[in-house]
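Presented below is the structure to which this report refers.
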Amino acid sequence: MELSRDQAASALAHADRSAARVRTQTRWFVRYLAVFAAGFGVLTLVLGLVQPLWLRLTISMALWIPLVAGMAWWAQRQRATAGGAIRRTVPGWIGTGALYAAALFVGTPGQLGNPAYWVPAAVVVTLPLAVVAWRESRR
């Protein structure tokens with residue numbers, strides 16, 4: 001079956017609209033990554049700067065558990081994820097996790113309460129996921 005010029009133009013316009021709609025539906029993932037990057041930064045600050053230990057742990061769990069639960073709930077309700085996005089973000093998750101573990105290992109207990117250590121550490125911890133979020137936003 002051959003398409004007329006008008007039918008082909010209409011089909012291409014429909015395909016463009018569909019592709020734009022799917023791209024819009026995948027934008028949530030950039031915000032998801034950015035929120036987790038910020039969450040890791042805040043958690044790093046709380047664990048490094050808040051004293052005493054019981055308060056540090058209470059605040060960190062009061063922030064982290066609802067964040068993870070809320071983000072998981074939100075992610076489950078999304079209709080689309082850009083093809084290959086999960087694979088492309090793995091290095092960011094690994095990098096942030098490794099830097100977070102390193103910041104805690106190096107900073108605890110010797111640097112507890114020292115903003116000169118924990119503020120830069122929090123920034124560094126956020127970078128891998130923040131960079132991945134930025135790269136995904138450019139797609």
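Values in this text are rule-based calculations from the coordinates and carry no lab data. Because the structure is predicted, anything quoted here is derived from the model rather than measured.
Highest mobility in the GNM of the chain, judged by mean-square fluctuation with C-alpha springs under 10 Å and restricted to Ala34, Ala98, Ala72, is found for Ala72.
Between Ala82 and Ala8, what length in nm is gained on full extension when 0.36 nm per residue of separation is reduced by their alpha carbon distance?
On the way: separation 74, 0.36 × 74 = 26.64 nm, distance 2.64 nm.
Roughly 24.0 nm would be gained on extension.
Compared with the dominant Cα axis of the chain, that is its longest principal axis, helix 85-107 is turned about 10°.
To the nearest 10 degrees, how steep is helix 5-26 against the longest Cα principal axis of the chain, on a 0 to 90 scale? On a 0 to 90 degree scale, this one is about 10. Axis of helix 53-76 versus longest Cα principal axis of the chain: the two differ by about 10°, to the nearest ten degrees.
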